[in-house]
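The values are calculated or read from the model by the stated rules, or taken from the named source; none is laboratory data. Worth saying up front: this structure is predicted, and the values here are computed from it rather than measured. When we count neighbours, we look across all protein chains shown, and the Cβ atoms used for this are built from the backbone with ideal geometry, even at glycine.
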Amino acid sequence: SIDTTFPLAINGAPPRFREPVHVGRPNTGDRSVFLAHMEAMFDRNWLTNNGPLVQEFERRIAEDLGVRHCVAICNGTVALEIAIRALGLTGEVIVPSWTFIATAHALAWQGLTPVFADVDPVTQNLSPASVRAAITPRTTGIMAVHTWGRPADVEGLSAIADEFGLQLMFDAAHGYRCTHNGKRIGGFGACEVLSFHATKVFNTLEGGAIVTNDDALAERMRLMRNFGFAGYDNVIHPGTNGKMIEASAAMGLTNLASLDGFVAANRERYEIYRERLSGVPGVTMVEYDDAEENNFHYIVASIDAPARLSRDNLIDVLHAENILARKYFWPGCHQMKPYASLPLRVPLPATERIAEHNVVLPSGPSLSLDDVHAICDVIAYSCSRGIG
Ligand code: T4K
């Protein structure tokens, strides 16, 4: 039965939000700082190719994460591709299917075969047992993801990599300012890849970086992102164009100064969601470890029985209210067209289950606390009462 004191847009009531409420609204620091950087950039007339803003940005990121090297790249996907090439990966590389498609694409685009392994049903991170079962003589590496900024099982995966002589790298696109055992993500494995896409907790418009403590690897990556140039007219390595532009570095320097504020705002919203959704039938939030540093950027919930509607119905309810919740990363990479015909090496029950139940909700500094409450009202009502 429909509670007429709480009409839902899906039942014909006016939507709760007049404008669309997005997941992934960009976080923007002090605009005047960015514009001052832009003025200086135009005065110098130096727009890209390892300019001073990119160099400063790299120093600041390396310092912030406590790593020796940051190699800034034009986006996270090209950063993954450069890292894969610089590590000399060939043949098969094991990745979670439960990730954004870029993780798998970066391998396939370099002529490698992504071999999908399952994730842990609770952490949603790559399962070492599943990785072990997926290894063949053609396997050269493991690319794990710190999904939602929750650290992957670094120790479990490192042990397997050591045992089988595999390279281990991390897609740390979600993990900026998150720690594992008190150490910031960035220094684990052979290297870690960051994304500074507009929708990330910390953006450079578009952008990415590879961070590593390996001097020789960093040097190779620097060459590879700039066509292999070691100086004027002197190409000493195969390469591509993966350079970050000065405008991106300016945005990065601007936003780095405001990052503490973004994280604090995220945390405040996460706490409201956690409190308001706890006890709602069938809603389980993905929680962040209080003992670690987190960026609280992703608000992720699982919708299961006894909720009175399915995840997909809830998405319909929310979209009708102009709340554009997402199903990230449904349906799982292994079921996306480019990979659906690959035979599965190992079963992926947790991936397939999570893909049917996860919902990612709007958050971030641009969303008011009242709006978070309004979103929680809709979820609590429809999960407890159904939609009539
Ligand atoms: N690895 C992982 C684990 C990743 O999650 C990603 C990226 C990568 C690697 C690759 O890194 P990059 O090459 O992107 O640096 C979005 C982002 O485009 C993508 O960066 C991100 N992951 C992924 C999880 O989300 P889409 O296709 O869902 O984006 P889209 O266009 O639907 O935008 C998301 C929402 O953000 C929309 O509701 C609108 C809003 N939005 C977006 C932009 C760009 C804004 O409000 N303003 C904006 O400027 O992939």
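Remarks
- Tally, over the range 98-140, of residues that are farther than 24 Å from T179 by Cβ and more than 11 Å from the ligand (Cβ to nearest atom): 23
- Identity of the residue in the range 152-181, among the small types (G, A, S) and touching a His at 6+ places or on another chain (Cβ under 9 Å), that ends up farthest from the ligand (Cβ to nearest atom): A152
- Unmet criterion (only one of (1) polar (S, T, N, Q); (2) crowded, with 16+ Cβ neighbours inside 10 Å; (3) on the phi > 0 side of the Ramachandran plot) for T28: (3)
- If only residues of the range 60-82 that are among the small types (G, A, S) and within 15 Å of the ligand (Cβ to nearest atom) are counted, the one that is farthest from A104 (Cα to Cα) is A72.
- Check on W46, more than 22 Å from N213 (Cα to Cα), of a type outside the set (V, I, T) and either part of a helix (DSSP H, G or I) or more than 16 Å from the ligand (Cβ to nearest atom) (or both): yes
- The residues of the range 213-244 that are more than 21 Å from A106 (Cα to Cα) and in contact (Cβ under 8 Å) with a residue 60 or more places away in the chain, listed by number, are N213, D214, D215.
- Residue count for the range 275-292 under the criterion of being closer than 13 Å to G175 by Cβ and either at pLDDT below 95 or under 16 Å from the mean Cα position of the chain (by Cα) (or both): the result is 1.
Condition check ((1) closer than 13 Å to S248 by Cβ; (2) surrounded by 20 or more Cβ atoms within 10 Å (Cβ to Cβ); (3) not assigned by TED's automatic domain parsing to the domain that holds S248) across all residues:
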residue	(1), (2), (3)
E19	no, no, yes
A40	no, no, no
R59	no, no, no
G66	no, no, no
H69	no, yes, no
T77	no, yes, no
E81	no, yes, no
I84	no, yes, no
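- Hits in the range 345-377 - residues which are part of a loop (DSSP other than H, G, I, E, B), surrounded by 15 or more Cβ atoms within 10 Å (Cβ to Cβ) and over 20 Å from the mean Cα position of the chain (by Cα): R345, V346, L348
- Taking every residue in the range 68-79 that is without any contact (Cβ under 8 Å) to a residue 12 or more places away in the chain and pairing it with any residue that is acidic (D, E), at least 6 positions away or on another chain, yields no pair with a Cβ-Cβ distance below 7 Å.
- Going through (1) hydrophobic (A, V, I, L, M, F, W, C); (2) more than 18 Å from G175 (Cβ to Cβ); (3) outside any strand (DSSP E or B) one by one, A102 falls short only on (2).
- Every listed requirement among (1) touching a Pro at 6+ places or on another chain (Cβ under 6 Å); (2) within 15 Å of the ligand (Cβ to nearest atom) is met by G228 save one, (2).
- Total residues in the range 283-309, condition in a loop (DSSP other than H, G, I, E, B) and either more than 28 Å from D153 (Cα to Cα) or within 15 Å of the ligand (Cβ to nearest atom) (or both): 9
- Neighbours by Cβ (under 9 Å, 6+ apart or cross-chain): first from the range 19-35, farther than 15 Å from S258 by Cβ; second of a type in the set (F, W, Y) and within 10 Å of the ligand (Cβ to nearest atom): V23/Y298; V23/Y328
- Scan of the range 164-177 for residues that are under 14 Å from A144 (Cβ atoms), within 14 Å of the chain's Cα centre (by Cα) and crowded, with 24+ Cβ neighbours inside 10 Å, ordered by number: F170, D171, A172, A173, G175
- Single residue of the range 190-217 satisfying the filter (acidic (D, E) and assigned to a loop (DSSP other than H, G, I, E, B)) that is surrounded by the most Cβ atoms within 10 Å (Cβ to Cβ): E206
- Scanning the range 310-329 for residues that are away from the ligand (no atom under 11 Å from the Cβ) and assigned to a loop (DSSP other than H, G, I, E, B) returns S310, E321, N322.
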